[in-house]
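Asker: The structure that follows is given in the form of structure tokens.
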Amino acid sequence: MECSDTKPVKPSSNNISEMVYKFAKVCKLKSIGVFSSEIPNLPHLQRSICNETLLSENSSEENRCYDQKVHPHPIEVPAKENACACLEVMRKMFDAVSVLKLAYLQLQQAHIPYDPQKIVAADDLVVAELEKLCKFKREYAQKHCKKVRFNAARSAPLMAEIVAKEALLGKLKSQNSAKDSEILRLWRELQDLEMGNKNLSEKIKQISSEKRRAGVLSVTKFQDVFNAASKSIHDFAKPLISLMKASGWDLDRAASSIENGAVYSKRCDKKYAFEAYIARRMFHGIVLTSYDVSDIMKFGDPFDALMENPHSDFAKFCQAKYLLVVHPKMEESFFGNLDHRTFIMSGKHPRTEFYQLFAKMAKWVWVLLGYAVSIDPEATLFSVSRGSAFSSLFMESVEEEKESAILSDEDEERATHKVQFMIIPGFQIGNIVVKSRVYISKHSSS
């Protein structure tokens, strides 16, 4: 048979083994009417029976090979030489099968008529052909098992590497999934931040637009707040003086202790000493900072703001300044106890007329301090010392001096105004000065 250039034939090991095994079953040498007892001088016939053992051994050998759980694989014939060799083996095998069939036919013919010599000859031929087929089978099985063992030995490290790579791949997939989750979380967080920035930008634009429309708080408006704060201090000083008088305080001594050595034009002007005391305590330790005063301004009564938010910055301002303005001895003389002080120190606000009057005064001082920096971040607060010469650029007298009938016109020209004490400090906002309120007296100069 000539080798062609066609694709190499890949016979299956199962097909060959099954064919040989089936033919062996058919060709078991138990010939009809031939027994060893009838032909005692034919020991050669014993071989035919032994051939069954040979076949069973071959089968067991095959089973041992198959017990290795070797799955049938096509025989790879990479070159033409291997393909030609395979075809040659198949040709020999089919020739042997044909000869076996012919020998078996001769064996059957030797029985009719019965001829022992022919039976023996035919039997030898059958056994020879079966042995030839078994030899083909053993050679194929051995070659196949060697190939399987070789492939298994060669593929074992590859399989181990594949398992390791698959484990690494699973780990990388898990890490990739975790990274994807983290990327998604960060992306959502970025979206939230961008949305927040967008909202803040819009809010800033809106606030800027509102400021442009309404304008920054003018100095005129600040002057109005300054006047309101000055009036609120004056209004709180009245009940304070009344309570001191009703409690038996010596007002002259109290005024002298506040402003020692001050010269008053009239005795009733000593009330300004008490206003100066209150203002001095309210502005004590103040550092100008910017804060929102709109929450306080929306309440007509500042005590309502304290009730709504008793722990706000304004509420803390009221508590601190009350304890500073109203001395414990003063409060005890007013009310016979220190309940106001105790209540305020516990973080609460007493609902009394006296404290409500104090809260109204504290409101305008709080708003005044907040407005100053809102208009100008560089706004400053200034004070005036006793004995300073009165300057209309920086000071304002709390009492309009009438033309004195005692002093002549010539003396009036020589008279100078001296500051006895400051009542409310002044503010400088940009190039604008909000005048400090002072109490002055006239002295003649030599």
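The values are calculated or read from the model by the stated rules, or taken from the named source; none is laboratory data. Every value quoted in this text rests on a predicted model; they were computed, and no experiment measured them. Note that each Cβ is placed from the backbone with ideal geometry, even for glycine, and that neighbours are counted across all protein chains shown. Only protein heavy atoms, including side chains, enter the accessible area calculation; ligands, DNA and RNA are left aside. Shrake-Rupley method; radii C 1.70, N 1.55, O 1.52, S 1.80 Å.
Asker: Taking the dipole about the Cα centre of the range 260-301, with the C-beta of Lys and Arg at +1 and of Asp and Glu at -1, give me whichever of Phe283, Asn260, Ala273 is farthest to the positive side.
Answerer: Looking along the dipole axis, the top candidate is Asn260.
Asker: Per residue, what accessible area does the range 82-216 have, given a 1.4 Å probe and all protein chains present, in Å²?
Answerer: 73
Asker: If I compute solvent accessible area with a 1.4 Å probe over the protein chains, what percent of it on the range 259-394 is carbon and sulfur?
Answerer: 53
Asker: Still on this structure, please answer the following. Order 342-352, 358-368 from most to least packed using the mean count of other Cβ atoms within 10 Å.
Answerer: Sorting 342-352, 358-368 by mean packing, highest first, produces 358-368, 342-352.
Asker: Accessible area of the range 139-251 with a 1.4 Å probe: how many percent of it is carbon plus sulfur?
Answerer: Taking all protein chains in place, the range 139-251 shows 60 percent carbon and sulfur surface.
Asker: Per residue, how much accessible area does the range 255-350 have with a 1.4 Å probe, in Å²?
Answerer: With all protein chains present, the range 255-350 gives 52 Å² per residue.
Asker: Please get the size of the charge dipole for the range 140-233, origin at its Cα centre, with Cβ charges of +1 on Lys and Arg and -1 on Asp and Glu, quoted in debye to the nearest 20.
Answerer: 640
Asker: Okay, moving on. Which distance in nm do the two modelled labels at Lys360 and Glu166 give, with both placed 7 Å along the Cα-to-Cβ direction?
Answerer: Once both label points are built, they end up 8.9 nm from each other.
Asker: Here's another thing I want to ask about it. Would you mind putting 302-312, 244-254, 329-339, 225-235 in packing order, based on average other-beta-carbon counts within 10 Å, highest first?
Answerer: Going by the mean number of other Cβ atoms within 10 Å, highest first, we get 225-235, 302-312, 329-339, 244-254.
Asker: Charges on Cβ only, +1 for Lys and Arg, -1 for Asp and Glu, centred on the Cα centroid of the range 82-216; of Leu172, Tyr114, Val127, which one is farthest towards the dipole's positive end?
Answerer: Positive-end residue among those listed: Leu172.
Asker: Turning to a different aspect of this structure: Counting only pairs 8 or more places apart or on different chains, how many lysine pairs in the range 251-370 have C-alpha atoms closer than 26 Å?
Answerer: Step by step, the pairs that qualify in the range 251-370 add up to 26.
Asker: Take His327, project a point 7 Å from its Cα along the Cβ direction, then tell me which residues of the range 228-261 have their backbone nitrogen under 16 Å from it.
Answerer: 240-261
Asker: About the Cα centre, and with charges only on the beta carbon of Lys, Arg (+1) and Asp, Glu (-1), how big is the dipole of the range 82-216? Nearest 20 debye, please.
Answerer: Once rounded to the nearest 20, the dipole reads 920 debye.
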